[in-house]
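*Asks:* Have a look at this one.
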Amino acid sequence: MLKPLAFALGLAALAAPAAAQAQCPLTYNDFEIAIPHLDLEQCPKDLAKPGVFCRVTTANDSVHVFVFEDKDKRCLLSMKSYDKYEISVK
């Protein structure tokens, strides 16, 4: 059985034509509908930069942060996973 996150990302990849995938593998609108997530007020320091926003999911004892551009199509720019032991909450 596929994990929900992998399944949703797989569906998004299949739905987009190859040329569009190269430019925008996943839009925030598609992500928001397909993947349960929480909004982050700020991106983690290692992912933060001007003109982006981040969303977070959890699966398999890991935290997955998705970075989207904050303009136009709001495309997925990157994703980084953190082991649960890497995360500290103040």
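Rule-based calculations on the coordinates, nothing more; no lab input. Treat the numbers as computed from the prediction; the structure is a model and nothing was measured. Note: ideal-geometry Cβ built from the backbone for every residue, glycine included; neighbour counts use all protein chains shown.
*Asks:* In sequence order, what are the phi-derived ³J(HN,Hα) couplings for the range 35-43 according to the Karplus relation 6.51 cos²θ - 1.76 cosθ + 1.60 with θ = phi - 60°, rounded to whole Hz, with x for glycine and proline?
*Replies:* So the Karplus estimates, Gly and Pro as x, are 10, x, 7, 10, 7, 9, 5, 9, 6 Hz.
*Asks:* Loop only by DSSP, 12 or fewer other Cβ within 10 Å of the Cβ. Give me the GluC sites (Glu not before Pro) in the range 27-90 that pass, ordered by residue number.
*Replies:* Filter output for the range 27-90: 41, 86.
*Asks:* Can you give the % of DSSP beta bridges in the range 29-90 that are antiparallel, to the nearest 5? Mind showing how you got there, number by number?
*Replies:* Working: 17 of 17 bridges.
Bridges in the range 29-90 that DSSP calls antiparallel: roughly 100 percent.
*Asks:* For the range 31-90, run through the chymotrypsin sites (Phe, Trp or Tyr not before Pro) and keep only the ones in DSSP coil with at most 15 other Cβ atoms within 10 Å of their Cβ.
*Replies:* Taking the range 31-90 and a limit of 15 other Cβ atoms within 10 Å, the loop chymotrypsin sites (Phe, Trp or Tyr not before Pro) found are 85.
*Asks:* Which distance in nm do the two modelled labels at residue 58 and residue 39 give, with both placed 7 Å along the Cα-to-Cβ direction?
*Replies:* 2.0
*Asks:* By counting other Cβ atoms within 10 Å of each Cβ, how are 56, 67 ranked from fewest to most?
*Replies:* Ascending Cβ contact count within 10 Å gives the list 56, 67.
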